[in-house]
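Visitor: This is the structure I have questions about; it appears just below.
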Amino acid sequence: MSVLLVLLYCFCLDSGSAIDTITSFQPIKDPNYIISNGSAFKLGFFSPVNSTNRYLGIWFNKKSVLPAQWVANRDKPLNDSSGVLTISEDGNLVLLNGQKMILWSSNVTNSSPNSSALLKDSGNLVLRESTTTGTTVWESFKNPSDTLLQTMKFSTNVRTGEKVQFTSWKSHSDPSIGSFSCGIQPQSLPQIFIWKDGSPHWRSGPWNTRIFIGTPETDTVFHDGFSLVEDEDGTYSFSCSYVTDSLFHYVLTTEGDIVERYWDNEKEDWGNVWNAVQSECDVYGTCGEFGSCNPQSSPICSCLPGFEPKSTEEWSSGNWTSGCVRRTPLQCERVNSTGGEAGKMDGFLKLKMMKVPDLTDSSPAHEDYCRQQCLENCSCIAYAYDIGTGCMSWTRSLIDTQKFSSGGVDLYIRVAYSELDTKGDVIKIVRITVIIGTVFISICIFILWRWMAKHKARRNKANGILSFNRGEAHKQFPSENMLGDNLNQVEVQELPLFDFEKLASATNNFHQSNKLGQGGFGPVYKGKLLDGQEIAVKRLSKTSGQGLEEFMNEVVVISKLQHRNLVKLLGCCVEGEERMLIYEYMPNKSLDAFLFGMEIVECRQHCSINRPDDI
C-alpha cells in the first residue's frame, strides 16, 4: 500500500498536479508547480519575456500575460531547468540549482525540521513550523517584490527603522531589483513615496484617515479600499482590500509608476484602472522650491504668489528645478535683518484646490486658529487645513506643490503686505458693484414694464367700455392726418389737448347722471378733473349733422375768442374716433342756456358763426 501511495505521489508531481503544499518529502522541480486551494494563484518556475533565465515565482492562475507578482531569486537566476524548491534540514524554504547550491532561502532562525510551505488563495506563500500547529515563521507578503496584492501590507516602524517596501523590476525581462522603491514615509503626517535611487520621485500627499489628499482621484476610485493604521509599537501599515471578489492589485513599474490592474470578467483579460504618475507635474519637485505645477497650463510651472524665478534664463529654457525666491521680505525678516520698523503686517494669499507641499508640520489646532497660529510664528510661511489631517503648516521650503482641477485643499501662502492683491480686491468690489447695479436696474425695468402693461390694460379696458357705449352704428370719422393738419392752426399753449381717459374718469365714464343736455353737436356732460376743476364736456355725436370741418372751425375760432358772455373753451380731445370740446363749467346758470341760448346768438353776431349748434 505504501509503495502505491509513493507511486501516486510521483505521478501527481510529474503531471503538474494542483497540490498547494511543499514539504521536505514533497518538493517541486522545474517545470512542476503547485496551485492554491481555490485555484487563484500558482507557484512554479518561469522565464520572463525575451529571457532564457529561470526564476521561482508566484502569479495569478488566470491568463499568464502578466509577469509574476512575486519572485524569489530575483538577483540569482537559474540558467537551466534544474531548479528545486524544498524544505531544508533546518526547516527553511530553499531554492537549489543542479549542483545543490542554495540560490535563495527564507533564512529564518526559528524554523523547525518539520516545517511546510503553503500557497494561500491570497497569493501569500507561508512557511509554518509544522502542519499541526500551523505557526507562521515566514511569509512572502512580508518580503514583497513589485506587487501589492489585496490584504498585503507594506509598513515602516518609526522606532526600529524596519521597513517592508516594494521594489521595481530592473526591466521587463529582468526581475532583479530596479531603481525604484515604494513605501511609507511617516514624518509628521504619513505619506506614500516612490523613491528613485533613494531620492523622492512621487508622493501621495498626507493621509487624512480616508484618502491621500495629494491624489484626489482616489477618492472616487477606491472608496473604502485603503487602510493606513499605526500600531502601538510605532509601525505604520498600509493595505488595500475591497468588498468585491475582483482581482485588484498594484504594481510598481520599471518606469517608477504605480499601476492598478484588475481582472475584467467580461473581457477575460487584465485592465488598468489608475496610475500614480499621470503627468510631469506628478514627478516630485518638477518646479523646484516655491514653484507650483499645473498640468493644464503652458508652461506647467509658475512661482507661488510673492515669489519669482531664481534663474530667469533657466526658467525661460524650460528648466524649473532651480525654483523660485521670495520677491519682498516678510515683516519679521525686515525687522530681524535691518532692525527698522516692521511696517504693515504680512498677509496670506489663498490658492484653491492644491496638492500641499512636502515637509509639513501638523497640529490639532482648529481651522479658525490655524491662520493665527501661523501668523504669530515668524518662521511659518504657509498653512492649510483639512478636516482629517487638522492644521498643517510649513516652516521650510515649499516643494512639490501642484494645482488640481478638482479636489485638493486650500493653501494659504504668507506674503509681505505689498504683495497682497489689493488691486484684485478693488476689481472684486467693482465687479460686485456692477453686478448689484445691473440687478437693480433690471428690477426697475421690470417694475416699469409691469406698470406700463397694467396702465395699457386699464386704458384698453376703458376704450372697450366707451366703444360699447358708442354702439356699432357709429360711422368712422375721416383720417386723423387731416385732423392733425387742422389742429396745427391752434397753438398748443392756448388750447391744451385733454387725455380721453382723464375725461372718462372725470365724467364717471360719461354717465347719464352727469349729462347736462343735448344739442345738434352731441351731448354735454359735467365732469370734475383731478385738480378739482369742474368742466363741461361736449362730445360730438356720430349722428350729428356737423362734420370734421365744422368741428375744427369751432375749435379754432372759440379758442381765439374772449367774451364776457361766451364760456371759455379749455381744450379739446381727439383720440381714435372721439372728438370732444372741453369748456369751463358755469354753476350760476344753466350750461344749456350758455351753450344753446341767447348767449350763442350774441356770440354769433360777434364771431359770424352760422349755426348756434356749432358752439
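Visitor: What are the residue pairs meeting all of these: first residue in region 384-410, first residue more than 17 Å from Ser292 (Cα to Cα), second residue among the aromatic types (Phe, Trp, Tyr) and surrounded by fewer than 20 Cβ atoms within 10 Å (Cβ to Cβ), Cβ atoms under 8 Å, and 6 or more apart or on different chains?
Guide: Here the result reads Cys391/Tyr369, each pair linking region 384-410 to a residue that is among the aromatic types (Phe, Trp, Tyr) and surrounded by fewer than 20 Cβ atoms within 10 Å (Cβ to Cβ).
Visitor: Can I ask one more? Quick one: how many residues across region 282-312 are of a type outside the set (Gly, Ala, Ser), under 27 Å from the mean Cα position of the chain (by Cα) and in a loop (DSSP other than H, G, I, E, B)?
Guide: Residues in region 282-312 being of a type outside the set (Gly, Ala, Ser), under 27 Å from the mean Cα position of the chain (by Cα) and in a loop (DSSP other than H, G, I, E, B): 12 in total.
Visitor: Kindly list the number of the only condition in (1) among the hydrophobic types (A, V, I, L, M, F, W, C); (2) in the same structural domain as Ala40 (by TED's automatic domain parsing); (3) in a strand (DSSP E or B) that fails for Val108.
Guide: Val108 satisfies every listed condition except (3).
Visitor: Would you pick out the residues in region 254-294 that are farther than 30 Å from Cys324 by Cα and without any contact (Cβ under 8 Å) to a residue 40 or more places away in the chain?
Guide: Selection gives Val259, Glu260, Tyr262, Asp264, Asn265, Glu266, Lys267, Gly271, Asn272.
Visitor: Determine if region 373-383 includes at least one residue that is under 29 Å from Ile300 (Cβ atoms), outside the structural domain of Pro200 (by TED's automatic domain parsing) and part of a strand (DSSP E or B).
Guide: Among the residues of region 373-383, at least one is under 29 Å from Ile300 (Cβ atoms), outside the structural domain of Pro200 (by TED's automatic domain parsing) and part of a strand (DSSP E or B), which makes the answer yes.
Visitor: Among the residues that make up region 361-374, is at least one of them buried (at least 18 other Cβ atoms within 10 Å of the Cβ), in contact with an Asp or Glu (Cβ under 7 Å, 6 or more places away or on another chain) and modelled with pLDDT of 85 or more?
Guide: Within region 361-374, none of the residues are buried (at least 18 other Cβ atoms within 10 Å of the Cβ), in contact with an Asp or Glu (Cβ under 7 Å, 6 or more places away or on another chain) and modelled with pLDDT of 85 or more.
Visitor: Out of the residues in region 89-113 meeting the condition of being of a type in the set (Gly, Ala, Ser) and within 21 Å of Gly134 (Cβ to Cβ), tell me which one is surrounded by the fewest Cβ atoms within 10 Å (Cβ to Cβ).
Guide: The residue in question is Ser112.
Visitor: If I filter region 313-325 for residues that are closer than 24 Å to Phe193 by Cα, small (Gly, Ala, Ser) and more than 31 Å from the chain's Cα centre (by Cα), do I get at least one hit?
Guide: Yes, that holds for at least one residue.
Visitor: Need at least 2 residues that are aromatic (Phe, Trp, Tyr), surrounded by 14 or more Cβ atoms within 10 Å (Cβ to Cβ) and not assigned by TED's automatic domain parsing to the domain that holds Leu43 per element, so show me which strands (runs of 3 or more DSSP E) inside region 118-183 make the cut, counting only ones lying wholly within it.
Guide: Because the criterion is at least 2 residues that are aromatic (Phe, Trp, Tyr), surrounded by 14 or more Cβ atoms within 10 Å (Cβ to Cβ) and not assigned by TED's automatic domain parsing to the domain that holds Leu43, the strands (runs of 3 or more DSSP E) in region 118-183 that meet it are 166-171.
Visitor: Restricting to region 62-80, name every residue that is more than 53 Å from the chain's Cα centre (by Cα), of a type outside the set (Asp, Glu) and surrounded by fewer than 13 Cβ atoms within 10 Å (Cβ to Cβ).
Guide: Answer for region 62-80, where residues must be more than 53 Å from the chain's Cα centre (by Cα), of a type outside the set (Asp, Glu) and surrounded by fewer than 13 Cβ atoms within 10 Å (Cβ to Cβ): just Asn79.
Visitor: Out of all the residues in region 245-281, which are over 29 Å from the mean Cα position of the chain (by Cα) and exposed (fewer than 15 other Cβ atoms within 10 Å of the Cβ)?
Guide: Result: Asp245, Ser246, Glu255, Asp264, Asn265, Glu266, Lys267, Glu268, Asp269.
Visitor: Considering only region 552-588, state which residues are modelled with pLDDT under 70, assigned to a loop (DSSP other than H, G, I, E, B) and crowded, with 18+ Cβ neighbours inside 10 Å.
Guide: Scanning region 552-588 gives a single hit, Leu566.
Visitor: Can you tell me how many residues in region 516-539 are assigned to a loop (DSSP other than H, G, I, E, B), hydrophobic (A, V, I, L, M, F, W, C) and out of contact with any Asp or Glu (no Cβ under 8 Å at 6 or more places or on another chain)?
Guide: Final tally of qualifying residues: 2.
Visitor: Has region 225-237 got at least one residue that is at positive phi, modelled with pLDDT under 95 and out of contact with any Leu (no Cβ under 7 Å at 6 or more places or on another chain)?
Guide: yes
Visitor: For region 506-531, name all the residues that are over 17 Å from Leu569 (Cα atoms), without any contact (Cβ under 8 Å) to a residue 24 or more places away in the chain and either of a type outside the set (Asp, Glu) or buried (at least 16 other Cβ atoms within 10 Å of the Cβ) (or both).
Guide: Answer for region 506-531, where residues must be over 17 Å from Leu569 (Cα atoms), without any contact (Cβ under 8 Å) to a residue 24 or more places away in the chain and either of a type outside the set (Asp, Glu) or buried (at least 16 other Cβ atoms within 10 Å of the Cβ) (or both): Asn508, His511, Gln512, Ser513, Asn514, Lys515, Gln518.
Visitor: Here's another thing I want to ask about it. Residues Trp274, Trp263: which one is within 29 Å of Ser176 (Cα to Cα), touching a helix residue (DSSP H, G or I) at 6+ places or on another chain (Cβ under 7 Å) and either in a loop (DSSP other than H, G, I, E, B) or not assigned by TED's automatic domain parsing to the domain that holds Leu375 (or both)?
Guide: Trp274
The values are calculated or read from the model by the stated rules, or taken from the named source; none is laboratory data. Treat the numbers as computed from the prediction; the structure is a model and nothing was measured. Cβ sites come from the backbone with ideal geometry, for glycine too, and all protein chains shown count toward neighbours.
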